[in-house]
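First the structure, in the form of structure tokens, and then the observations on it.
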Amino acid sequence: LLTGVVIVSIALFLAAFGETIAPYDPRIPVGPPSSPPSGAHWFGTDTLGRDVFSRVVHGARTSLGVAGISVVFALLAGSFLGLLSGYFGGVLDQVLGRLMDIVFSLPALLLAIAIAGILGPSLRNAIIAIGIVYMPHFYRIARSGAIAMSARPFIVGCHLIGASHGRIVLRHVLPNISALLTVQFTVTLAYAILLEASLSFLGLGVQPPDPSWGSILNEGRPFLLISPSLSVFPGIMILLSVLAMNLISDSLRDSWDTSLVKR
């Protein structure tokens with residue numbers, strides 16, 4: 001857990017204070033094209049002479065920001081629909097359930113590419129695409145929790161004393177599934193970082209000259225053999241961020257899983 005928290009904290013620090021840390025403007029050429037790492041340019045320069053270190057630092061804000069906003073959107077929308085579906089059931093549950101099953105059954109990358117392709121390549125549309133892709137993950141947890149909690153005697157008692165549906169859901173159902181939603185949030189955040197990088201790599205996410213880790217990878221791909229630093233450093237950032245989120249999610253899952261404690 002500590003390792004994951006440290007790595008994520010460093011990545012968030014880069015995202016928050018990138019303009020202060022980066023020595024150069026990531027959009028403007030500042031040196032000879034395709035120069036190797038040096039004292040002036042720690043990660044070298046790209047084919048246009050832009051400082052790769054500055055682009056990687058600024059790219060942290062884009063990559064982590066898009067992933068974070070997307071997963072928050074998926075969490076809020078998916079949990080809301082799941083609670084409605086599981087709590088009220090009936091036709092609403094059947095319709096929402098079938099829609100979420102369709103989205104869940106499709107490959108995440110292909111669905112995100114299709115949505116982003118239809119809406120058009122942009123940062124906002126990438127956020128929408130990623131949010132829609134991962135919405136069913138939170139929907140299923142919220143729906144299962146609502147169904148399980150609705151049958152509890154104290155929930156029936158709340159109905160008998162005239163408690164409103166909103167009060168029951170917010171005071172009794174939602175707190176009992178918050179741990180599961182938190183673990184799912186950290187897991188999904190790791191997937192979202194990869195998906196954002198994939199969309200930007202394909203030109204469907206952030207648009208030039210703004211940097212993101214995926215777009216920097218794409219820019220360095222044709223020159224991987226002659227100038228590997230263009231792709232290695234953003235690739236390392238993606239790898240470390242995803243690894244850190246997985247470490248955090250595993251630790252949270254183990255600490256909150258009572259079945260593991262009993263063993």
Expressed in angstrom and ordered largest first, the alpha-carbon extents of the range 1-92 along the principal axes are 65, 31, 20
Longest principal axis of the chain (C-alpha) makes with the long axis of helix 90-105 (C-alpha) an angle, in degrees to the nearest 10, of 30
Ranked output for segments 213-225, 85-97 by mean other Cβ atoms within 10 Å, highest leading, reads 213-225, 85-97
Note on the chain: the mean projected area of its alpha-carbon convex hull, in nm², is 17.0
Taking Lys and Arg as +1 and Asp and Glu as -1, residues besides residue 43 with C-beta under 14 Å from its C-beta add up to -1
Taking R0 as 41 Å and r as the Cβ-Cβ distance between residue 91 and residue 254, the FRET efficiency 1/(1 + (r/R0)^6), rounded to the nearest 0.05, comes to 0.55
Rounded to a whole %, the carbon-and-sulfur portion of the accessible area of the chain at a 1.4 Å probe is 71
Given the candidates 6, 145, 24, the one whose Cα lies deepest towards the positive end of the charge dipole of the range 1-152, counting +1 at each Lys or Arg C-beta and -1 at each Asp or Glu C-beta, is 145
Relative to the chain, whose Cα atoms define the longest principal axis, helix 174-201 and its Cα axis are tilted in degrees, nearest 10, by 30
The range 1-154: relative contact order from alpha carbon pairs under 8 Å, six or more residues apart, as a whole percent, is 23
Here the equivalent ellipsoid of the range 93-135, derived from its Cα gyration tensor, has semi-axes (largest first, whole Å) of 21, 10, 8
Expressed in angstrom and ordered largest first, the alpha-carbon extents of the range 101-182 along the principal axes are 52, 22, 20
With Cα coordinates, the longest principal axis of the chain makes an angle with the long axis of helix 108-119, in degrees rounded to 10, of 80
Unit-weight point scatterers at every alpha-carbon of the range 129-227, Debye formula, q = 0.12, 0.13, 0.16, 0.21 1/Å: log10 I(q)/I(0) is -0.58, -0.63, -0.76, -1.01
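The values are calculated or read from the model by the stated rules, or taken from the named source; none is laboratory data. Keep in mind that this is a model prediction, so the values were computed, not measured. Cβ: placed from backbone, ideal geometry, glycine included. Neighbour counts: every protein chain shown. The protein model used for the area step is the full one, side chains on, heavy atoms only, and it has no ligands, DNA or RNA in it. Shrake-Rupley method; radii C 1.70, N 1.55, O 1.52, S 1.80 Å.
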